[in-house]
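Chemist: Here's a structure for you.
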Amino acid sequence: MSSARRFLLRLARFFRRDRAEHELAREIDAHLTLLEQEYARRGLPPDEARLAARRAFGNVESAKEEQRDARSFPWLEDLRRDLGYGARTLARTPGFSVVAISTLALGIGAVTVIYSVLRNVVLDPFPYSRSDRMVNVLLNDASGRRVRGPSFPAAEFLDYHAQATAFEDVVGTSTEPVHWASEGGTERLMIAWMTANGFDFLGVRPLLGRVFGEADVAPGAPPVGVLNHRAWVRLFAADPAVIGRTLMLDGHPWTVVGVMPPRFEWNIVDLWLPAALNPADDPRSARGTRAFQAHLRPGVSPREAEAQLNLIGARRAAQFPKDYPPQFRFQVITVIDWVVREFRGVLYTLFGAVTLLLVIACCNVANMLLARATT
């Protein structure tokens, strides 16, 4: 008999205990009857043959236990008995049971809620690859006031991107509102202009269709875009046929080529559009400035990246003195720290507090059990 068939038979016997017990009792009775008949053929009276058969067979209940263990799962049977015993014990003292369960539920529920917040805000806030090495680049003056960043003019962005070796890869993004002309009227949408490597940088696969790449920013390439999942549901009722649909944005046609999964909210926009950076772009326009975000190379710290950017910045400041304050320094901050900021300490404090609450709840229930046992 195969192991899979044996497993299924054991599982069936566990869920059909009454029938299994009946079959086991019949088998044992059949064995005893055969032994009794054997001793009767040897010339023993019926009563003596019955006693001899029972002596030869051994303890009936022990034989049943051995067969139950062989035919079912002993640990599952023990668990069933323990749960049944626990349920009967709780039912005998409903008042005590309600207080104990409510106390533990309060502590466990509080810890679960705060840990969920801590995990989604501090420990693993982004569904992006290498999010622990994702950083923002800022330019501050001597007093610490931000001069630029995370958005930089296209020419400056490209210069730092080309010279900085502390970064594994760099992405540039900027947002602006547009008007979508549909059959039902005009609606305002938020779009993000993204460098062609944006989705490779983030490492998230689309839910439908594809994402854009270098070929989509080449001269003469048709304009394409990728929809946010929330916008796909709100604007198109989650219709899969949206792939290939043309959207008129500020009078220009853009073809939808993909839809991102639900948790993907980079820049919190409705649509991502590819756009190559050009040093001649107007720095006052959305396409002429980009948020400078990068992945640090493995083993490179934010402080080391800052030192490298400060050297590059000093050379640029000598060429373009009007673009920089007399004294400045770059700041490289992880995106997690950028989002969480001062809330990190608050969340850790809350998690410690609710953990202590759970410990107190467990101690209270233990004291209640001791008092009940003493009584």
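The values are calculated or read from the model by the stated rules, or taken from the named source; none is laboratory data. Treat the numbers as computed from the prediction; the structure is a model and nothing was measured. Cβ placement follows ideal geometry from the backbone for every residue including glycine, while neighbour counts extend to all protein chains displayed. Side chains included, ligands, DNA and RNA excluded: accessible areas come from the protein's heavy atoms. Shrake-Rupley method; radii C 1.70, N 1.55, O 1.52, S 1.80 Å.
Chemist: Residue under question is Tyr128, and the condition is that it be surrounded by 11 or more Cβ atoms within 10 Å (Cβ to Cβ) and among the aromatic types (Phe, Trp, Tyr); does it hold?
Modeler: Against the criterion (surrounded by 11 or more Cβ atoms within 10 Å (Cβ to Cβ) and among the aromatic types (Phe, Trp, Tyr)), Tyr128 qualifies.
Chemist: Quick one: in the range 183-205, of everything that is in contact with a helix residue (DSSP H, G or I) (Cβ under 8 Å, 6 or more places away or on another chain) and over 18 Å from Ala291 (Cβ atoms), which residue is surrounded by the most Cβ atoms within 10 Å (Cβ to Cβ)?
Modeler: Here the answer is Leu189.
Chemist: What do you reckon, is Leu271 surrounded by 14 or more Cβ atoms within 10 Å (Cβ to Cβ) and touching a helix residue (DSSP H, G or I) at 6+ places or on another chain (Cβ under 6 Å)?
Modeler: When the stated conditions are applied, Leu271 does not pass them.
Chemist: Any idea which of (1) closer than 21 Å to Ala286 by Cα; (2) open to solvent by 30 Å² or more (accessible area, probe 1.4 Å); (3) modelled with pLDDT under 90 is the one Glu176 doesn't satisfy?
Modeler: With respect to (1) closer than 21 Å to Ala286 by Cα; (2) open to solvent by 30 Å² or more (accessible area, probe 1.4 Å); (3) modelled with pLDDT under 90, Glu176 is out only on (3).
Results for (1) in a helix (DSSP H, G or I); (2) over 40 Å from the mean Cα position of the chain (by Cα); (3) modelled with pLDDT of 75 or more, shown as yes or no for each residue.
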site: Glu21; (1), (2), (3): yes, yes, no
site: Leu51; (1), (2), (3): yes, yes, yes
site: Glu65; (1), (2), (3): yes, yes, no
site: Gly95; (1), (2), (3): yes, no, yes
site: Gly107; (1), (2), (3): yes, no, yes
site: Val111; (1), (2), (3): yes, no, yes
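Chemist: Still on this structure: Do any residues in the range 142-154 that are modelled with pLDDT of 85 or more have Cβ atoms under 7 Å from those of residues that are of a type in the set (Gly, Ala, Ser), where the two are at least six apart or on different chains, and which pairs are they?
Modeler: Once the first residue is modelled with pLDDT of 85 or more and sits in the range 142-154, its partners that are of a type in the set (Gly, Ala, Ser) give Pro150/Ala291; Ser151/Ser174; Ser151/Ala291; Pro153/Gly288; Ala154/Gly288.
Chemist: Which of the residues that make up the range 305-324 are open to solvent by 80 Å² or more (accessible area, probe 1.4 Å) and either under 13 Å from Ala164 (Cα atoms) or of a type in the set (Gly, Ala, Ser) (or both)?
Modeler: Hits for the range 305-324 are Leu311, Arg315, Ala318.
Chemist: Going by what's in this entry, would Glu48 be described as in contact (Cβ under 8 Å) with a residue 12 or more places away in the chain, open to solvent by 60 Å² or more (accessible area, probe 1.4 Å) and among the acidic types (Asp, Glu)?
Modeler: Considered against the rule, which asks whether it is in contact (Cβ under 8 Å) with a residue 12 or more places away in the chain, open to solvent by 60 Å² or more (accessible area, probe 1.4 Å) and among the acidic types (Asp, Glu), Glu48 comes out as no.
Chemist: Here's a check for you: in the range 284-300, which residue that is open to solvent by less than 70 Å² (accessible area, probe 1.4 Å) and assigned to a loop (DSSP other than H, G, I, E, B) is modelled with the lowest pLDDT?
Modeler: Ala286
Chemist: Let me ask you something else. Inspect all residues belonging to the range 211-225 and state whether any of them is touching a Pro at 6+ places or on another chain (Cβ under 6 Å) and aliphatic (A, V, I, L, M).
Modeler: yes
Chemist: Would you mind stating whether Ser131 is closer than 19 Å to Trp266 by Cβ and in contact with a Ser or Thr (Cβ under 7 Å, 6 or more places away or on another chain)?
Modeler: No, not satisfied.
Chemist: Looking at Arg245, Arg234, Arg263, which one is surrounded by fewer than 16 Cβ atoms within 10 Å (Cβ to Cβ), farther than 28 Å from Ala155 by Cα and in contact (Cβ under 8 Å) with a residue 40 or more places away in the chain?
Modeler: On inspection, the qualifying residue turns out to be Arg263.
Chemist: If you take the residues in the range 98-112 that are within 26 Å of Gly345 (Cα to Cα) and touching a residue at least 40 places away in the same chain (Cβ under 8 Å), which one is most open to solvent (accessible area, probe 1.4 Å)?
Modeler: Leu106
Chemist: While we're here: Tell me yes or no: at least one residue of the range 326-337 is in a helix (DSSP H, G or I) and either without any contact (Cβ under 8 Å) to a residue 60 or more places away in the chain or at positive phi (or both).
Modeler: yes
Chemist: In the set Val332, Val346, Val365, which member is surrounded by 12 or more Cβ atoms within 10 Å (Cβ to Cβ) and either modelled with pLDDT of 90 or more or farther than 30 Å from Ser97 by Cβ (or both)?
Modeler: Val332
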